[in-house]
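Below: one structure, written as structure tokens.
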Amino acid sequence: MLKKPDWIKTTLLAGPKRKFVDNILKDAGLHTVCQEASCPNMCECYSKKTATFLIMGNRCTRNCAFCNVHSGKPLAPDPAEPAKVADAIKKLGLKHAVITSVTRDDLEDGGASCFAQTITLVRKNTPGVIIEVLIPDFKGEEGALVSVLKAGPHVLNHNIETILRLYPQVRPTADYGRSLKLLLRSKSLYPSVNTKSGLMVGMGESEEEVLETLGDLRMSGCDYLTIGQYLTPSREHYPVKEYVHPSIFERYRKRGLEMGFKNVASAPLVRSSYQAEALFIE
Ligand code: SF4
């Protein structure tokens with residue numbers, strides 16, 4: 001395993017604010033992707049009283065080589081979960097809420113109705129909150145995507161994760177073209193909903209391939225972009241091939257803005273939902 005460079009630093013702040021978030025989540029029995037994916041920013045985000053909700057359980061039906069979320073047979077979704085998420089968002093006082101899920105290929109609609117119910121209840125409970133959903137690809141089912149969009153999220157986020165060439169090793173059960181199509185469909189069907197995507201670097205891609213992916217995302221009408229360093233969760237997962245220098249992240253950020261993204265967050269510790277409120281410019 002490559003030695004981590006100095007610029008991959010995480011803060012280990014733990015204080016009353018972090019405890020406040022922990023307690024709200026624990027009392028409601030809710031999962032966060034922050035915890036399940038061992039996000040390096042967890043202490044920072046929880047201390048700022050933000051978190052990304054992981055709905056429909058913490059077992060994923062896919063098994064991507066980079067992801068720390070456990071794969072396996074998931075439980076049936078909890079019908080009370082949308083209300084619990086809405087309540088937690090109110091208690092946390094979030095202005096921008098990010099809601100994601102494991103991939104639920106076992107459900108007929110891929111879990112789209114759970115997203116839709118959650119969006120509806122969050123809006124009802126906290127009318128001013130910006131709602132961002134980070135959705136799976138729903139196996140390319142347009143009906144599932146439309147039911148999420150109909151519920152009225154402000155941001156429809158779907159991560160491309162990596163460049164086209166690395167899909168067979170990194171995301172063997174996903175499809176690069178299908179993910180681009182999802183973003184394009186969202187933009188064509190509901191142009192007022194902002195679209196967002198993210199990718200990880202340091203997996204063995206070239207700068208040229210990253211820029212090609214950025215171009216593909218722009219061609220698919222993607223408005224917002226995040227780029228962060230891939231960090232392997234364990235020796236069993238896909239390895240880090242390179243620690244990308246912060247100056248290259250800055251180059252990607254500038255190129256992304258030149259290509260027409262509304263905003264780009266690109267830095268080693270950027271994650272899809274990192275400082276989502278600051279990234280979003282209406
Ligand atoms: S960056 Fe996103 S996933 Fe990571 S801790 Fe912050 S909110 Fe959670």
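The values are calculated or read from the model by the stated rules, or taken from the named source; none is laboratory data. Since the structure is predicted, the reported quantities are computational estimates derived from the model, not experimental observations. Glycine also receives a Cβ, built like all others from the backbone with ideal geometry; neighbour counts cover every protein chain displayed.
Only one entry in Pro246, Pro168, Pro268 is over 24 Å from Cys39 (Cβ atoms) and of a type outside the set (Asp, Glu), namely Pro168.
Identification of helices (runs of 4 or more DSSP H) wholly contained in region 1-53 with 2 or more residues that are away from the ligand (no atom under 15 Å from the Cβ) and farther than 24 Å from His70 by Cα yields 16-28.
Scanning region 218-272 for residues that are at positive phi and more than 18 Å from the chain's Cα centre (by Cα) yields a count of 1. Among the residues of region 84-104, is there at least one that is crowded, with 17+ Cβ neighbours inside 10 Å, more than 16 Å from the ligand (Cβ to nearest atom) and of a type in the set (S, T, N, Q)? Yes, because at least one residue in region 84-104 is crowded, with 17+ Cβ neighbours inside 10 Å, more than 16 Å from the ligand (Cβ to nearest atom) and of a type in the set (S, T, N, Q). Would you say Ala28 is in contact with an Asp or Glu (Cβ under 8 Å, 6 or more places away or on another chain) and touching a residue at least 60 places away in the same chain (Cβ under 8 Å)? In short, yes. Looking at this structure, is Leu149 touching a strand residue (DSSP E or B) at 6+ places or on another chain (Cβ under 9 Å), outside any loop (DSSP other than H, G, I, E, B) and either among the polar types (S, T, N, Q) or buried (at least 18 other Cβ atoms within 10 Å of the Cβ) (or both)? When the stated conditions are applied, Leu149 passes them. If only residues of region 163-181 that are in contact with a helix residue (DSSP H, G or I) (Cβ under 6 Å, 6 or more places away or on another chain) and not charged (D, E, K, R) are counted, the one that is surrounded by the most Cβ atoms within 10 Å (Cβ to Cβ) is Ile163.
Taking region 186-282 as the region of interest, none of the strands (runs of 3 or more DSSP E) fully inside it holds 3 or more residues being modelled with pLDDT under 95. Between Phe261, Phe249, the distinction of being more than 16 Å from the ligand (Cβ to nearest atom), aromatic (Phe, Trp, Tyr) and free of Cβ contacts under 8 Å to residues at least 60 places away in the same chain belongs to Phe261 only.
It is to be established whether one or more residues within region 72-79 are within 13 Å of the ligand (Cβ to nearest atom) and surrounded by 19 or more Cβ atoms within 10 Å (Cβ to Cβ). Checked against the condition, which is being within 13 Å of the ligand (Cβ to nearest atom) and surrounded by 19 or more Cβ atoms within 10 Å (Cβ to Cβ), region 72-79 yields no hits at all.
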